[in-house]
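Read-outs: derived from the displayed coordinates by stated rules, not from any lab. Bear in mind that the values here come from a model prediction, so they are computed numbers and not experimental data. Cβ placement follows ideal geometry from the backbone for every residue including glycine, while neighbour counts extend to all protein chains displayed.
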Amino acid sequence: MKPSQFGYARPANVEEAVRLLQEADGSAKVMAGGQSLGPLLNLRLAQPSLIIDITAIRELTLVREEKDAIVYGACVTHASVEDRRVPDATNGFLPSVAAGIAYRAVRNRGTMGGSLAHADPAADWMTTLTALGAEILVAGSAGERRVALDQFMTAPFSVALEDSEFIIGIRIRRYSQAARFGYFKFCRKRGEFAEAMGAVVIDPELGIRRGIIGATDSRPILVPDMDACLRPSGEGIQAAKAMIAAMKIADDPVRDGMHANAFARALKQVAQ
Amino acid sequence: MFVEERLDGQAQVKGQGIGARLPRKEDDRFMRGRGLYVGDMKMPGLADVAFVRSPLAHARILSVNIPPSLEGRVFTARDLEGVKPIRAVSGLPGFKPSSQPPLAEGKVRFTGEPIAMCVGPTRAEAEDMAALVSTDLEPLPVLADFSTAEQSEELRVHEEWPDNIYLETKVNKGDRFVLDGAAIVVEREIGLSRQCMVPLEGKGTIAWWDTRLDQLVVYTSTQLPHMMRTGLAECLGLEERQVHVVAPDVGGGFGFKCILQPEEVCVAWLALTKKRPFRWVEDRREHLVAAANTREHHYRIKAFADADGRLLGLEADVAVDVGAYSVWPFSACLESAQIASILPGPYEMPFYACRTRSVATNKPPFTPYRGVARTGVCFALELMIDAIAREAGLEPAEVRLRNLVRPEQMPFTNITGKLFDSGDYPESVRQAVDAIDLPAFRERQKDGDGDGRLLGVGFATYCEQAAHGTTVYAAWGIPMVPGFEQATARVTPDGGLELRIGVHSHGQGMETSMAQVAHEILGVEIDKINVVHGDTAVTPYSTGTWGSRSMVMAGGAVSRACEIIAKRAIAIGAHLLQTTPDQVVLEEGEVRSRTGSIRFQQIAEAWYKTPEVLPADVAHEGLEVTAGYKPKVDSGTFSYATHAAIVAVDPEFGSVEILDYVVVEDGGTLVNPLIVDGQIIGGVAQGIGTALYEESPYSEDGQPLASTFVDYIIPGPCEVPDIRILHMETPSPFTAHGIKGIGEGGAIAPPAAIANAINDALRPLRAEVATTPVTPHRLLAAIAAAAEKQLGKP
Amino acid sequence: MNDLSLTVNGEKISSLVEPRTSLADLLREQMNLTGTHLGCEQGVCGACTILVDGVPVRSCISNATACGGAEVRTIEDFDRDPLMIELRQAFNAHHALQCGFCTPGMLIMARDIVMRLHGADEARIRIELAGNLCRCTGYAGIVKAIRSVIVSRQEALPPRPPASLPLGPAGSGHASAGNALVHVEKNGLATADAQDKPLQVKAAAAPAPLAGKRAPAVKQSFSVAAPQPVVWERFGDVPSMIRCIPGASLVSQEADGTYQIKMRVKMGPIGAEFAGVARQERNDDALTGIIHGSGRDARSASLAEGQLTYRLVDENNGESTRVDIEVSYQLSGALAQFARGGIVTHFIGAITTQFAENLSRSLSSAGTEEEVVEPGELRIAGSFAGALKAWLVDLLRSPFRK
């Protein structure tokens, strides 16, 4: 199981990467740590003509602190987040999510940007960062732009990127000390893909109440009525379960139930 | 040197002989990355092989299109002139043999069947070539499951057959009238899904021609090198003396590496005809989609009992989906023959009837996996025992106690004529009940653990007939019938010992345990004993490592060989001590008389270096012996165990957590308890895989749907709990040192114990599972079905 | 080939590698460091775990070229490592290995756990070890061995502060950026031949389908504001029909009345291009026809075979025509070999819908072709999302998602 042949380029800066992407006309793949792409290459399911390795672009491995947000370079690894080697805008939520992604040896090379570009509906970052209201920084032939993450994923494994574009960073707002975060995923085997997941972010100071259902058939789904879900003394949990089951996300009673139950577990973590 | 207490708190045997909990001699090379597996080998001029495999499950091959640029580097069936197909013929009457060409000829019979092979300087380049070879296939309707195949009027996996059944067997024992008026009758459909065996190292073969010895040399990842020699010689039309097979370090076998694979024949053919080295290493995808599968049994079973839960009889109709070809040397029918003969398990019953069919389908061939048919049999039978217990309103453990063969009946011949050698089966249940603290658990179960999960306990008892001998295998009709097992013991001139055994050790720790047997008899330090195995050129003939036979059979042979050496050493020692053999003893590596002692090393030196000191009539046959061994009664040893599991079922996700797992095992005399525990725990881990995770599903058109470790889940460290083991040690009366075979046992009971525990947990919901693996979807579907049923009848 | 420099087990080496070479293959095949084992090459089993720049990584899915300049350590380098000596003793004492195949990866990971997580209990060790599969031991001995070393070192050593590591992928931060591309070798077989290779797949006779064996047919009906004879004539024009199939294109028309076609499908990083043959059979009396196509995607060695049946019915007194179409298919080979393949049905459904729309539009506008949607390549857009999900999800699942 060896990859088919491909060319390899290691651009020094964003502009060069964009130029290479443009020239390749859709036949190139951007690679950071290669932890999602590697297996597809080995299986010969992905056969790009050119791999553009973006890890030599220094700014992509840096973190920039802004007044009300933190911008993580696309090539920041899960392990860097897990180990708190980068500033955290979420009172420890990001490190706890990172620690649950796949396995340590994968986290040492797998990157936030790579995971988001791959857009597996069951991946941790797509759901949790959507719950956090993150934005994606994209570079392309038309310059740089920002996309809200909830607008970024278009379909399973598909994102709103032009052929010449790639992710350069992820911008996450700073949450207050009062913020609470809940995250639950159901996996058959530790470290493997989730069958259902839910994420909840509450920040009373910022007035944020957001719930996301992940590991769906496609894009993460915003829970419509968080106020109902946050009713006290178990009532909210029941409301959430009923609401989500009624959404028929998977149109399969067993899986719809799993989605509802996974979200309820995440909700319980933030219930007061 | 080793201080860990045994888990059961029993006293630790001192020293290095039988019963000592010795760490393994072989570990060191593996821990330094210096094991040598087939894929690690390289030679000048080595070429890698990649196979072009069928994308269809059943199709006529119209043509194989090879680009002209690849001529001479791609080979098809047409090139393999004179190579015979693999034919594993069962001796059972009515068996229909299949012919498996190493590269498909005329038609393909399963997805992944090799059609062509490509040879390149690297695997990547060989795969590049494979991508350029296309096939024109005329699709044929697919027989993707056993019932379609059985019912099909016209379609045949093998055209020349009148139907798609390799063999049908029927057993009828006892008078059916005993079932009349049975107070309890339970009937179930029980199934085990097809799965893979997944040794972590894939199959691999490297072959070349040794011009000096005029021999084909085949290094292959196998459990039975001598059998592979026979199989390769037959297929390639060589004499066996022209074939030298070596099994180097082998990264797990579990039954999978027992069979002669078409790829092995292909690579050997390349070496034979091109006189250059060739290598093929099975990758994970090939293993999951194209290699032999296992476990797929389908039971329709009916159990009869009186109101007290005493078994009156069993009626079963069993189909084994054995796929497209009969595997060599086990044949397509070992599994079903074993089912028919062992389905009554360790229970006494007056009536038993069983029909089995081995059905051909368009899926990869089926080969026995650790536990062979016992895992399926135990699953079916033990689920029935629990069903009876629920009907009778009794504790499942109590129903077992009422029906298990009792110690005073030993040796016991059961309804199918199986001779149980020794043991106290009910005691294993009692110990398991105590270890799991059943009364306390029942209390805890009432309230649950407060997290919404349902708790359940499950038991499963089985017997593991192992080290089956000549008579048993002759009756099962397979092409390989084991006779005597042999071992060579050679004292080296410096007083060390070399043991040569024909079986192969690929995780079982025989480089240590065989040395312990020798140490027991000769007293030679373990560090001075070398165990050589896996090479047809230097080890005695053997049918190899399978059937939990190596410790009993090869251990017995080592024991016999060493006993002969001991006799000769005593003769030499006595002479050197100027006395007679009856005046000395051999202990702790010394021949001792009342007045003096001679070390083993001195005896070796006398024989090899200073033979002038020995008269001609003293041990003139020398200090090198090959001895054969067969137990007094060769129907096999019966180890047995009761497994008990406590599980928590999450009804929201259908997930199962194993909270406690206890094994009470009687493996006879334990040569190395550390290794035995390792075998049991490892077996249980595989059994947990069968119970909850592992499945190779096929689509209706015969496409395998699990081609990666993502689709195919094997348990990881978080999925296998700590296993508690309690040993009973009832020596076998029939074998050397009372050893019984235990290697497979761990993998037999977990699906049954865990499913019983799940069903116990689901009792309040009146749901029941009866198919492996119990996935979240199966479990939730069972709960939903039960809920629907209850709504249906208010 | 490109020249790659690395430090391996303390030695500076340089080697010519293809861009596709993984670290594992470089170590095993070129440097004979065969202690690094390949158990899956899918990034799941952990047998190939090595240290790169001091931290464990999967060498089977780590591109060697990308790790130029990195410091690599394999199991062979730890003979004298004090911690590894302790671990080896513990593994031996606790019977933490049987066949030995997973052991090098286990030890590398175990060493990382001991160094990184002081005080880890058995539950934590199991979690940290979850990415390393062992088929023999049931993990009990491994977990106990690691725990025993952690306990003994807790007594001996104070906890160390976490190492300062780069934030990017381990090993990827060293190689200098290259302006020149490393091109695919032109003498490489795959690229050169695949392009100009003549189509190999002949149209096989349609298999006699077993009842229920074929994937369920997708049915669509639509009305066209044109009289039936006009529509019938248009259906006879196979090239324009093909143009309406998303992603399909006509290569050539053969003398025997068949058509060489291509169909490109792109799904995330996976691209398939089925090349094959189509032909049509028509029944003028019944106003029905069958277009049968079959093709092969050389990249994935997958076969697709499909059949489109159509029937025309007069509507509105002959002013318009109702078109009933039914599509059935069969997919085989690598692209089909994932769980929940039934999703392909939905995918075909989406294609059929698009086809029906295109066809309907093309017929209504009397044969103009401009309005046909996405003729070049079928891309998965949001509208296909639900349809594609399960199949894709399994196709691309988690080893690939990290």
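Only Lys, Arg, Asp and Glu carry charge here, each on its Cβ (+1 for the first two, -1 for the last two); on that basis chain B has a dipole of about 1060 debye about its Cα centre. Hey, if you put +1 on the Cβ of every Lys and Arg and -1 on every Asp and Glu Cβ in the range A:7-56, which of A:Leu21, A:Pro48, A:Pro11 ends up farthest toward the positive end of that dipole? Result: A:Pro48.
A cut-off of 5 Å between modelled amide H atoms, ignoring neighbours fewer than 5 places along the same chain, links B:Thr730 with B:Gly667, B:Gly668.
Taking every Cα-Cα distance in the range B:520-628 and sorting them into 5 Å bins starting at zero, the pair-distance distribution P(r) comes out as 2, 11, 20, 21, 17, 12, 8, 5, 2, 0 percent. Among A:Gly257, A:Gly113, A:Gly211, the largest mean-square fluctuation in a Gaussian network model of chain A (Cα springs under 10 Å) belongs to A:Gly257. Decide, for chain A, between rounded, prolate and oblate: order the square roots of the alpha carbon gyration tensor eigenvalues as a ≥ b ≥ c, take rounded if a/c falls under 1.5, and otherwise choose prolate if a/b is larger than b/c, else oblate. The shape class here is prolate. Applying a DSSP loop filter and a limit of 16 other Cβ atoms within 10 Å to the trypsin sites (Lys or Arg not before Pro) in the range C:243-280 leaves nothing.
Shielding by partners for C:80-91, please: the mean number of other protein chain Cβ atoms within 10 Å of each residue's Cβ. Mind dumping the intermediate values first?
Details: counts 0, 0, 0, 0, 2, 1, 0, 1, 5, 3, 0, 4.
For peptide C:80-91, the averaged partner shielding equals 1.
DSSP beta bridges confined to the range A:91-221 are antiparallel in about 100 percent of cases. For B:Thr367, neighbours were defined as the other residues whose beta-carbon sits under 13 Å from its Cβ, and their charges (Lys and Arg +1, Asp and Glu -1) total +3.
Compute the relative contact order of chain B as a whole-number percentage, counting only Cα pairs closer than 8 Å that sit 6 or more residues apart in sequence. Provide the component values of the computation, followed by the final result.
Details: 1997 pairs, mean separation 125.7, N = 794.
Taking the mean separation of contacting Cα pairs over the length of chain B, I get 16 percent.
Once the gyration tensor of the Cα atoms in the range B:57-105 is diagonalised, the equivalent ellipsoid follows with semi-axes of 30, 13, 6 Å, ordered largest first. Any idea how far the Cα center of the range A:168-193 sits from the one of the range B:298-327, in Å? Using only Cα atoms, the two centres lie 50 Å from each other.
Dipole magnitude for chain A: computed about the Cα centre from +1 point charges on Lys and Arg Cβ and -1 point charges on Asp and Glu Cβ, it is near 860 debye. Converting phi to 3J(HN,Hα) with the Karplus coefficients 6.51, -1.76 and 1.60 and the offset θ = phi - 60°, the range B:706-719 yields 10, 10, 9, 5, 8, 6, 10, 9, 9, x, x, x, 7, 9 Hz in sequence order, with x at every glycine or proline. Taken residue by residue and averaged, Cβ atoms of other chains lying within 10 Å of the Cβ of B:135-142 number 6.
Compare the Cα positions of B:Ala292, B:Ala271, B:Val320 along the charge dipole of the range B:269-320 (+1 at Cβ of Lys, Arg; -1 at Cβ of Asp, Glu; about the Cα centre) and return the one farthest towards the positive end. Checked the options; the winner is B:Ala271. Ranking B:Val664, B:Val649, B:Ser707 by how far each Cα lies toward the positive end of the dipole of the range B:600-717 (charges on Cβ) leaves B:Val664 at the top. Database remark: amide H of B:Ser193 closer than 5 angstrom to the amide H of B:Thr772 (H placed geometrically; neighbours at sequence offset of 5 or more, or on other chains; Pro and chain starts carry no H). Only Cα pairs under 8 Å and 6+ residues apart enter the sum, and on that basis the relative contact order of the range A:32-82 stands at 28 percent.
For the range A:54-175, relative contact order (Cα pairs under 8 Å, six or more residues apart, normalised by length) works out to 29 percent.
Counts of other chain beta carbons within 10 angstrom of each beta carbon in peptide C:61-74 average 4. When Rg and Dmax are taken over the Cα atoms of the range B:220-278, they come to 11.2, 33 Å. Highest mean packing comes first when the peptides B:237-248, B:467-478 are listed by Cβ atoms within 10 Å, giving B:467-478, B:237-248.
What ranking do B:Tyr693, B:Tyr369 get, fewest neighbouring Cβ atoms within 10 angstrom at the top? Please report the intermediate quantities before stating the final value.
Working: B:Tyr693 20, B:Tyr369 27.
So the residues, fewest neighbours to most, are B:Tyr693, B:Tyr369.
The string of couplings for the range B:614-622 from the Karplus curve (6.51, -1.76, 1.60, θ = phi - 60°) is 9, x, 5, 8, 9, 6, 5, 7, x Hz, one whole number per residue in order, with x for Gly and Pro.
Å³ per residue of the Cα convex hull, for the protein assembly as shown? Provide the component values of the computation, followed by the final result.
On the way: hull volume 288.6 nm³, N = 1468.
Taking only Cα atoms, the protein assembly as shown has a hull volume of 197 Å³ per residue.
Answer rounded, prolate or oblate for chain B, using the Cα gyration tensor with square roots of eigenvalues a ≥ b ≥ c: rounded when a/c is under 1.5, else prolate when a/b is larger than b/c, else oblate.
On the way: a/c = 1.86, a/b = 1.12, b/c = 1.66.
It comes out oblate by the Cα gyration axes.
When only the Cβ of Lys, Arg, Asp and Glu is charged (+1, +1, -1, -1), the dipole of the protein assembly as shown relative to its Cα centre reaches about 1220 debye.
Within the protein assembly as shown, what percent of beta bridges assigned by DSSP are antiparallel, to the nearest 5? Each step should come with its number before you reach the end.
On the way: 211 of 253 bridges.
Among the beta bridges of the protein assembly as shown, antiparallel pairing accounts for roughly 85 percent.
Per-residue ellipticity at 222 nm, computed for chain B from helices alone with -39500 (n - 2.57) per DSSP H run of at least four residues, works out to -8000 deg cm²/dmol.
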